[in-house]
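Engineer: Quick one: this structure, given as structure tokens, is what I'll be asking you about.
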Amino acid sequence: MTIYRTVGAWGAGKGANLTPAEVDENFYGHEQRIGELEDNPPEGVGIASIEVTGTTMTFTMTDATTRGPFPLPYAVFRFTDELVHGVTYQPLDMFVVQQGNPVTDGLYMVLSSYTSPPATTEDPNPAFDPDVQETDGDPILLKMFGTTVGKRIYGEEYEDFQVSATHVGGYTRVMIFGNTDITEGAVTFTDPTVDTVGWPTPPEYGTEFKFRNGGDAPLLFSGPINFQPGHTGLVEPGGVVLLTYTVGGSFDAEGDFLLGTL
């Protein structure tokens, strides 16, 4: 018990100076109570469990009370349809690029603010660059899916059918009718790392090219092609072949190539 000298909220008080023993008793009482708090501090109310339901979160406390439910932030993806030039897209926006380039066409998600290249009178459909980056090198766009589709090429008078970037990953049906001169029914591959005109963007190693001779004349495949032992580059009508781009700018070939020599 604390001994007070004057009148106050504690009562009348002693009304006289405290003796040395009374002063010591006051100090001793205070020290005892402080020591008890230090040795046995009271336990506060903490979190016993957390429950998340949908987009809300509720806390159950150790005294059985609850806090919440609190709303949780959640990602909202916004599909904006086809890419529009000169528009600023925000993170998690998604758009489709369809410019006829199988290397860059596809569905993209925006990782940070991105402004598409504006259209001009001279260039109403500027080329899309999927590799734009932040100043620290982080990508701005993420390609979700490609939109490469099969290519069907029709014709009768191909002097030399030149394979280019437009055929990457596609299915090409070359149709030449009534032509018995195989040199005029030719399908020619070039090294994409060298031919920058036909291949503005070289395909990745492992990219496949599938062809079918849909005409009634033979086709002769030529270029830096690695044929299987004993096979020629000649494909009869109806034949299907697969060529895979590989290291060194060449193409590994398999499929309905004829055996023998030309």
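Engineer: Please work out which residue is modelled with the lowest pLDDT, limiting yourself to the range 114-149 and to residues that are in contact with a Pro (Cβ under 7 Å, 6 or more places away or on another chain) and assigned to a loop (DSSP other than H, G, I, E, B).
Structural biologist: Only one residue fits best here, namely Thr148.
Engineer: Looking only at the range 68-82, how many residues end up being surrounded by 12 or more Cβ atoms within 10 Å (Cβ to Cβ) and either more than 30 Å from Leu141 (Cα to Cα) or modelled with pLDDT of 90 or more (or both)?
Structural biologist: Applying the first criterion (surrounded by 12 or more Cβ atoms within 10 Å (Cβ to Cβ)) to the range 68-82 yields 68-69, 78, 80.
Within this subset, residues satisfying the condition of being either more than 30 Å from Leu141 (Cα to Cα) or modelled with pLDDT of 90 or more (or both) are 68-69.
Counting residues in the range 68-82 that are surrounded by 12 or more Cβ atoms within 10 Å (Cβ to Cβ) and either more than 30 Å from Leu141 (Cα to Cα) or modelled with pLDDT of 90 or more (or both) gives 2.
Engineer: Among the candidates Thr65, Thr2, Thr55, Thr60, which residue alone is within 30 Å of Leu141 (Cβ to Cβ), surrounded by 10 or more Cβ atoms within 10 Å (Cβ to Cβ) and not assigned by TED's automatic domain parsing to the domain that holds Val110?
Structural biologist: Numbers: Thr65 fails: within 30 Å of Leu141 (Cβ to Cβ); Thr2 fails: within 30 Å of Leu141 (Cβ to Cβ); Thr60 fails: within 30 Å of Leu141 (Cβ to Cβ).
Result of the check over Thr65, Thr2, Thr55, Thr60: Thr55.
Engineer: Are there any pairs with C-beta distances below 7 angstrom linking a residue in the range 53-74 that is touching a residue at least 40 places away in the same chain (Cβ under 8 Å) to a residue that is assigned to a strand (DSSP E or B) and hydroxyl-bearing (Ser, Thr, Tyr), with the two at least 6 apart or on different chains, and if so which?
Structural biologist: Qualifying pairs under 7 Å: none.
Engineer: Same structure again: Within the range 25-48, does at least one residue satisfy the condition of being of a type in the set (A, V, I, L, M) and part of a strand (DSSP E or B)? Spell out the reasoning first.
Structural biologist: Step one: of the range 25-48, the residues of a type in the set (A, V, I, L, M) are 34, 37, 45, 47-48.
Within this subset, residues satisfying the condition of being part of a strand (DSSP E or B) are 47-48.
There is at least one residue in the range 25-48 that is of a type in the set (A, V, I, L, M) and part of a strand (DSSP E or B).
Okay, residues lined up against (1) without any contact (Cβ under 8 Å) to a residue 40 or more places away in the chain; (2) within 30 Å of Asp129 (Cβ to Cβ):
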{"residue": "Glu36", "(1), (2)": "yes, no"}
{"residue": "Glu51", "(1), (2)": "yes, no"}
{"residue": "Leu83", "(1), (2)": "no, yes"}
{"residue": "Val87", "(1), (2)": "yes, yes"}
{"residue": "Gln90", "(1), (2)": "yes, yes"}
{"residue": "Val96", "(1), (2)": "no, yes"}
{"residue": "Gln99", "(1), (2)": "yes, yes"}
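Engineer: OK, next. For the range 83-100, give me each residue that is modelled with pLDDT of 90 or more and either under 12 Å from Pro126 (Cα atoms) or of a type in the set (D, E, K, R) (or both).
Structural biologist: Passing the criteria: Leu83, Val84, His85, Gly86, Asp93.
Engineer: Additional query: Residues that are of a type in the set (Gly, Ala, Ser), at least 1 per element: which strands (runs of 3 or more DSSP E) completely within the range 214-258 meet that?
Structural biologist: Working: elements: 219-222, 240-246, 250-255.
Correct list: 219-222, 250-255.
The values are calculated or read from the model by the stated rules, or taken from the named source; none is laboratory data. Note that the coordinates shown come from a computational prediction; the quantities given were computed from them, not determined experimentally. Don't worry about glycine lacking a Cβ; one is built from the backbone with ideal geometry, like all the others, and counts go over all protein chains shown.
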